[in-house]
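Each remark here refers to the structure printed beneath this line.
Every read-out reported here was derived from the displayed coordinates using simple, explicitly stated rules and does not represent laboratory data. All values reported here derive from a predicted model rather than from experimental measurement. Don't worry about glycine lacking a Cβ; one is built from the backbone with ideal geometry, like all the others, and counts go over all protein chains shown.
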Amino acid sequence: MTPETQELDLQERLNLIESMIAEGRRSTGSWGWTFVLWGVAYYVAIAWATLGHSNLAWPVTMVAAFILTAILASRLGRNQPGRTVSRALSAVWIALGISMFVLLLPLGISGRADLHTCVAIVGAMLGMANATSSIILKWKMQFACAIVWWASAVAACFSSDTQTSIAFLAAIFFCQIVFGIYGMVSEARENKLRGATHA
Amino acid sequence: MPELPDLNPVIHGKLRLACLSLLSGVEQAEFTWLRARTGSTDGNLGAQLLKLEEAGYVTAEKKFVQRKPQTIYRMTESGRDALTQYVQALKQLLGGAI
C-alpha cells in the first residue's frame, strides 16, 4: 500500500466514524402522527360533549387516545435506538398528559370547570410542552405552535364563549392537525433522503 | 520525530468501526437497527458484534418483546475509551502523513 492510498484509507475511516455518529444522533422515531391523532381526539371529544351533552365525552376520549398512542408508539418505536433526547421529550409529554388528566378530571367532576378556565389551562400547558420540545429539538415551527397555544390561553381569559371556542378549535387545527401533517411529511422526506444516501 | 501510534486491530475493521461509532451516538440500539444503518448481513454483523463483545467494547442483552427475540447492544466505557483513542491515533497518523 502506498502512503497516498494509506492516507485515503485512514481519511475514509475518519469520515465513516463521523457519519455513523451523526446517523445515530439523528435517528428519531416518527411522531407527527401523534399530533394528528390527539387533534382528532380533541375534535371527537368536543363534538361528543357538545352534541351528546355527555360528561363522559372528554375522559373516555382522552383515555382511548392515550391507550391508542401507547400501543402505536410501542409498535413503531420497537427498533428505534434509545437516546437521552427521546427520553427527555417523552418525559415532557407524559408529564403533561398526567398533569392535564389529574387537574381537568376533578375540575369536571366537581362542576367547577368552565370553558374559559379549561381552555386557558389546556392552552398554557400545551404551550409549555411545545415550547420545551421545540427548544430541545431547535425546531422553530414547533415554537410557533407554542405561541398559538399561549395566545389561545390568553384569549380564553378575555373573550366571549364563542370567541374562546373558535380560538381553541383554531389552535387544535393549526398546532395538532396541520403541524402533525407537516411533521409526518418532513419525517418521510428525511427518511427518503437517508435511504438515498445509504443506497 | 515522535513515534506514530498503532491502530487498535479490534476497531480497525470497517463494520466494527461503524457499529462502535453508531453506538457512541445512542444509549442502546437493537440488532435490526444496526443492520439497517450499516447495510450488512445478519451473519456478518453478528460475527463482528461478537468480536466487539469479546473485547469488552459492547454488551449484548437478549430478550423477548411480544414473543419476538431482540438483542440490545450498548457501548461500554472501555469501548468509548477505545474509540476515542482510535480517533486520536487516526488524526495523529493523518497529521503525520500531511
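Could you point to the residue in B:Val58, B:Thr32, B:Thr76 farthest towards the positive end of the range B:9-91's charge dipole, with +1 and -1 charges on the Cβ of Lys/Arg and Asp/Glu respectively? Farthest towards the positive pole: B:Thr32. Quick one: check the C-alpha center-to-center distance for the range A:100-162 versus the range B:32-98, whole angstrom. Value for the Cα centre distance between the two parts: 44 Å. Residue by residue along A:101-113, Cβ atoms of other protein chains within 10 Å of the local Cβ number 0 on average.
Taking label points 7 Å from Cα along the Cα-to-Cβ direction, A:Ser99 and A:Phe158 give a separation of 2.4 nm. Couplings 3J(HN,Hα) for the range A:166-177, derived from phi with the Karplus relation 6.51 cos²θ - 1.76 cosθ + 1.60 (θ = phi - 60°), are 5, 4, 5, 4, 5, 5, 4, 4, 6, 8, 10, 6 Hz, where x marks Gly and Pro.
Each Lys and Arg Cβ is given +1 and each Asp and Glu Cβ -1; about its Cα centre, the protein assembly as shown then shows a dipole of about 660 debye.
In a reduced charge model with +1 at each Lys and Arg Cβ and -1 at each Asp and Glu Cβ, the range B:9-91 shows a dipole moment near 240 debye about its Cα centre. Peptide A:10-20 shows a mean partner chain C-beta count of 6 within 10 Å per residue C-beta. Radius of gyration over Kirkwood radius for the range B:9-91, both on Cα atoms: the Rg/Rh ratio is 0.97. For the range A:47-138, a Kirkwood hydrodynamic radius built from all Cα pairs, placed in the Stokes-Einstein relation at 4 °C and 1.567 mPa s, yields a translational diffusion coefficient of 86 µm²/s.
Summarise the partner chain shielding of B:29-39 as one whole number: the mean count of Cβ atoms from other chains within 10 Å of each residue's Cβ.
The mean count of partner-chain Cβ atoms within 10 Å per residue comes to 4.
Mean residue ellipticity, 222 nm, helices only, chain A: the sum of -39500 (n - 2.57) across DSSP H runs of n ≥ 4, divided by residue count and rounded to 500, is -29000 deg cm²/dmol. Each Lys and Arg contributes +1 and each Asp and Glu -1, all at the Cβ; summed about the Cα centre of the range A:88-198, the dipole is approximately 380 debye. From least to most packed, judged by other beta carbons within 10 angstrom and beginning with the fewest, A:Ser133, B:Ser21 follow the order A:Ser133, B:Ser21. Quarter the surface of the alpha carbon convex hull of the range A:50-199 and you get the mean projected area, 10.2 square nanometres.
When the Cα positions of A:Ile181, A:Leu104, A:Thr164 are compared along the charge dipole of the range A:41-199, A:Ile181 comes out farthest toward the positive end, with charges on each C-beta of Lys, Arg, Asp and Glu. The Kirkwood radius of the protein assembly as shown, taken over pairs of alpha-carbon atoms, gives through the Stokes-Einstein law at 4 °C and 1.567 mPa s a diffusion coefficient of 58 µm² s⁻¹. Under 5 Å between amide hydrogens, built in the peptide plane, is the criterion, and for B:Glu27 it picks out A:Gly82, A:Arg83, A:Thr84 among residues at least 5 positions away or on other chains. Bridgeable lysines around B:Lys62 (alpha carbons under 25 Å apart, same-chain partners fewer than 8 residues away excluded): B:Lys14, B:Lys51. Taking amide H as placed 1.01 Å from N in the peptide plane, B:Val58 has its amide H under 5 Å from the amide H of B:Glu53, B:Thr76, each at least 5 places away in sequence or on another chain. Note on B:Lys68: aspartates and glutamates with a C-alpha under 18 Å away, same-chain residues under 8 apart excluded, are B:Glu30, B:Asp42. Considering only A:Ala167, A:Ala120, A:Ala49, the Gaussian network model of chain A with Cα springs below 10 Å gives its largest mean-square fluctuation to A:Ala49. In chain B, the longest principal axis of the Cα atoms and the axis of helix B:42-54 are about 60 degrees apart.
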